[in-house]
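Accompanying notes for the structure given below.
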Amino acid sequence: MKPALWIAGLIFCGLLSPSLAQQNMLQGTLNAFEVEATLKPDTVLSSPVWMIRDFEFLDSFIVALTYDRRPDRCSIRLFNSNNHEYEALALEAKPLGLFRDVFGQVYLIDEQGVYLINSAPLALHALSEKDFFGRIYPLVARSDSAWFFSTFLRNRPEFAYLKIHGDTLHTVRDQHLYDLYHSEYTFLPMHQKCALKRRCAQTGEDRYALAAEMSGFTQSLWWRAPYSPLFVDGDSVWIADHYRDSVFIYHQNGGRITAAPMDFHHDKAYKREILFDPESRVRYARYEHHGRIKLVPLDVWANAHQPGQALQHRYVEKLKVYKGKAWYLYRPFESSQNTFLYAEFLGRE
């Protein structure tokens, strides 16, 4: 292409001013310049036929739970590292979601049971619900020499982190909610208290827990399930206790190393979620305002020194952090039906 036509094209696109073009035409040369563009999220998975309900990472594959225009027609789809569909499997029962354990295995939970997903070839292996919810689901982290379990139940105001041999590592309690929870039994009428005592004597249930459930307190707007995550980083265990305003660091053998104050969780925009990247070993606090999510990196003392990064899309779903990227489901503004999988690089500032 002739230099005159090349320069004319740059002027037409607004990348070169006429005065600068005239100067370069007289000199017979074109000075170097830079063209910058806004980094947009990558559309990892999309289709006009099916939509994504949930996703997880399995080895080098992406496991996607998809459904057609009818929500009862669901499938498990496997995508390779190039985001090409590797295999698909239709589901009979209505799925409830996917779960990834600390060993990297992915499970499908539906209305009929729990299944282990095998990637090569794609297959489902039925598991006992008792074994899954009793042994696999409570396992929250592991190190080279220890496993850590949680006694968390959504309708209880406290829970504990245990080591593999049953030793209690740390107890989490929302004291204000704990007092309200136990007061439900105190203010019950006498005949209901007597009925609860008889039932608890027969079944062994806790009378305070039963009273809170019968009164509907655990299903009310006043109820918030306790949240204080545990992460394993090297040979130490990191627990962000939101109710003691402290981060506790333990050795993997159970001895406490230190404790430090934290205050990032008092921000009203904080959504009580800390995301952990198992590859980069970075923890991110999730903030949200008017649907705009911001991920702020936390240091080992749970301090948010960095400004963080806001995701470009609003009202995203199933947010995960993996390999230095934020992965999420998003329904494009132009579409009222399709849900796609997007990925954004973190730390681009």
What spacing in nm lies between the two simple spin-label points modelled at ARG331 and SER220, each 7 Å away from Cα in the Cβ direction?
3.2
FRET efficiency for LEU89 and THR203, Cβ-Cβ distance as r, R0 = 41 Å, nearest 0.05?
0.50
Name the shape class, rounded, prolate or oblate, that the alpha-carbon gyration tensor gives for region 75-151, where a ≥ b ≥ c are the square roots of its eigenvalues, rounded holds for a/c under 1.5, and otherwise prolate holds if a/b is larger than b/c and oblate otherwise.
oblate
Would you please give the FRET efficiency between HIS182 and PHE133, computed as 1/(1 + (r/R0)^6) with r the Cβ-Cβ distance and R0 = 25 Å, to the nearest 0.05?
0.45
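Of the peptides 235-246, 195-206, 152-163, how do they stack up when ordered by the mean number of other Cβ atoms within 10 Å, highest first?
So the order, starting with the most tightly packed, is 235-246, 152-163, 195-206.
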On Cα atoms only, tilt of 18-27 relative to the major axis of the chain in degrees:
50
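Cross-chain or 8 or more residues apart, Cα under 15 Å: how many lysine pairs in the chain fit that? Count them up, please.
8
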For the residue pair ASP144 and ASN82, what label-to-label distance in nm results when each label sits 7 Å from Cα along the Cα-to-beta-carbon direction?
3.8
If one computes P(r) from the Cα atoms of region 152-260, what percent of pairs lie at distances over 17 Å?
61
Gyration tensor (Cα) of the chain, equivalent ellipsoid semi-axes in angstrom
48, 27, 21
Report the extension gain between ASP68 and ASP263 in nm, rounded to one decimal, defined as 0.36 nm multiplied by the number of residues separating them, less their alpha carbon distance.
65.8 nm
Label LEU153 and ARG292 with points 7 Å out from Cα along Cα→Cβ: what is the distance between them in nm?
4.2
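Coordinate-derived values only; no laboratory data. Everything quoted here is computed from the prediction, not taken from an experiment. Note: ideal-geometry Cβ built from the backbone for every residue, glycine included; neighbour counts use all protein chains shown.
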